[in-house]
Amino acid sequence: MSILVTGGAGYIGSHTCIELMNAGYDIVVVDNFYNSKKESLKRIAELSGKQFAFYECDIRDKKGMDHIFKSEKIDAVIHFAGLKAVGESCQKPIEYYDNNVNGTLALCEVMKDNGCKKIVFSSSATVYGMNNVSPLKETMPTGGTTNPYGTTKFMIEIILADLFKSDNDWSVSLLRYFNPIGAHKSGRIGEDPNGVPNNLMPYITQVAIGKRPFLSVYGNDYDTHDGTGVRDYIHVVDLALGHVKALNRVLSKSGLDVYNLGTGTGYSVLDVVKAFEKASGVTVEYKIVERRPGDIATCYSDPSKAYEELGWKAERGIEEMCEDSWRWQSTNPAGYPD
Ligand code: NAD
Ligand code: UD1
């Protein structure tokens, strides 16, 4: 079985490539390195002990993508490629809608032309918007997204659902990730953000390594146990394993399924800081600052559907997430080499 992994050089894609090969799948990776480095592909090969096909191509390039489908026998696609920075999406909405929405449309068109109708898509808990109360369930209403990035995920979910409605031979799995953190146990691959990190864990690890002086904690007056925002952090390897389970399902039957991939447990910003300090032995300086616009107090999943239907649940706890994030950051202080 040959699986096309779009965005396979990125953070979640690289971890998923390893788990796919561990599970016996052959992979074909496509990436344009907009937000990743070639080195991550070398390390995927090193960690898996396997070689795989790679194409440097933009998913919007239909001719290039068609060439890949004609050259490789692709059974299904796991679609990670896209832009993901919330703040940047407000500055560059056209780029975000073009890359994420047009990219997915182009991909689906090429898939259809080549008779490949099985896709696992990287969605996000962001599609639940601001008004649902946690634990978030797949049956809750979606929409009301507050930034172009989130709206692209919402739109792509609708596009893929319409595709399935138009042709029930399609098999579509929409995976709503909560907050992926952590890294491969080896410390060889991990999250390598460009510039100033937007997300909590890469910010914490950069403070711990001495690259940034302190963490700004965005508000301590939320209605949570210590006043700071609560999220459902999930180890990236657990997330990767969730993709293998979702893939098994799309390969075995047609249909449209939606799954939360989270742990079901929420931790506050200060809980994460404490867990990280314990795991790393390093003190993380922080200051309480104003709330970040668009943030909500609490967001965590009900992951029971993924357990019932896919037989998947997250196994790795917050300490392991922190230990593995720290191993990656401390052994690769500057991220991947160019
Ligand atoms: P990432 O930026 O590390 O990986 C995305 C990869 O896609 C990169 O390697 C990038 O170079 C590539 N890419 C982007 N546009 C492309 C294009 N047009 N053609 C070919 N390749 C392209 O991001 P990630 O954290 O691994 O996220 C993967 C997916 O999961 C994204 O779709 C993201 O929106 C989604 N997601 C991520 C999170 C998170 O917190 N990391 C949460 C929810 C959903
Ligand atoms: C953010 C995005 C979300 C996206 C997700 C994964 C926003 C509003 N939401 O989610 O759309 O799907 O990332 O990419 O940007 N925090 C700090 N200091 C920091 C960074 C974060 O206190 O420097 C706090 C936040 O206020 C929040 C928690 O840490 O309470 C987690 O933040 P973050 O990692 O950015 O994830 P989300 O906001 O959940």
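The values are calculated or read from the model by the stated rules, or taken from the named source; none is laboratory data. Note that the structure is a prediction, hence the values are computed from the model and not measured. Counting neighbours? That spans all protein chains shown, and the Cβs are built from the backbone with ideal geometry, glycine included. Please note that ligands, DNA and RNA were not included when accessible areas were found on the heavy atoms of the full protein model with its side chains. Shrake-Rupley method; radii C 1.70, N 1.55, O 1.52, S 1.80 Å.
Of the trypsin sites (Lys or Arg not before Pro) found in region 246-338, the ones in coil according to DSSP and having at most 12 other Cβ atoms within 10 Å of their Cβ are LYS253. Under a model in which nothing but the beta-carbon of Lys, Arg (+1) and Asp, Glu (-1) is charged, region 113-235 shows a dipole of about 360 debye around its Cα centre. Compute the angle between helix 269-280 and the longest alpha-carbon principal axis of the chain, please, reported from 0 to 90 degrees and rounded to the nearest 10. With both axes taken from Cα atoms, the answer is about 90 degrees.
For the chain, the calculated P(r), taken from all Cα-Cα distances in 10 Å bins from zero up to the bin holding the longest distance, is 6, 26, 37, 24, 7, 1 percent.
Full extension of the chain between SER216 and ARG292 yields a length gain of 26.4 nm, computed as 0.36 nm times the residue separation minus the alpha carbon distance. Expressed as a whole percent, the accessible area of region 66-209 that falls on carbon and sulfur atoms is 53 (1.4 Å probe).
Seen against the Cα atoms of the chain and their longest principal axis, helix 38-48 is set at about 80 degrees. Projecting the Cα positions of VAL120, HIS184, THR152 onto the charge dipole of region 84-194 (unit charges on Cβ atoms of Lys, Arg, Asp and Glu, taken about the Cα centre) puts HIS184 furthest along the positive direction. Considering only beta bridges that DSSP places wholly inside region 179-338, some 20 percent are antiparallel. Using a simple spin-label model with pseudo-atoms 7 Å out from Cα toward Cβ, SER71 and SER330 lie 4.2 nm apart. Note on VAL196/MET140: beta-carbon distance plugged into 1/(1 + (r/R0)^6) with R0 of 30 Å gives a FRET efficiency of 0.40. Taking packing as the residue-averaged number of other Cβ atoms within 10 angstrom, the listed peptides 20-29, 4-13, 183-192, 206-215 run from highest to lowest as 4-13, 183-192, 20-29, 206-215. Label-to-label distance, TYR307 versus GLU277, with points set 7 angstrom from Cα along the beta-carbon direction: 3.2 nm.
Can you tell me which lysines have their Cα less than 23 Å from the Cα of LYS274? Leave out same-chain residues fewer than eight positions away. Straight-distance partners of LYS274: LYS185, LYS211, LYS287.
Relative contact order for the chain: 20 percent, from Cα pairs under 8 Å spaced at least 6 residues apart, divided by residue count.
Ligands, DNA and RNA are left out, and with a 1.4 angstrom probe the accessible area of the chain is 42 Å² per residue.
For region 17-57, a simple Cβ point-charge model (Lys and Arg +1, Asp and Glu -1, everything else neutral) yields a dipole of about 120 debye relative to the Cα centre. Helix-only arithmetic for the chain: the sum of -39500 (n - 2.57) across DSSP H runs with n ≥ 4, divided by the residue total, places the mean residue ellipticity at 222 nm at -12000 deg cm²/dmol. The stretch between ILE158 and LYS92, if pulled fully straight at 0.36 nm per residue, gains 21.6 nm over its current Cα-Cα span. Under the simplified labelling scheme, the PHE33-SER166 pair shows an inter-label distance of 3.5 nm, with each label point 7 Å from Cα along Cα→Cβ. Only beta bridges with both residues in the chain are counted; by DSSP, about 5 percent of them are antiparallel. Give me the distance between the Cα centres of region 132-191 and region 199-245, rounded to whole Å. Centre-to-centre distance over Cα atoms comes out at 19 Å.
One chain, two ends: SER186 and ALA45. Fully extended at 0.36 nm per residue, the span grows by 49.4 nm beyond their Cα-Cα distance.
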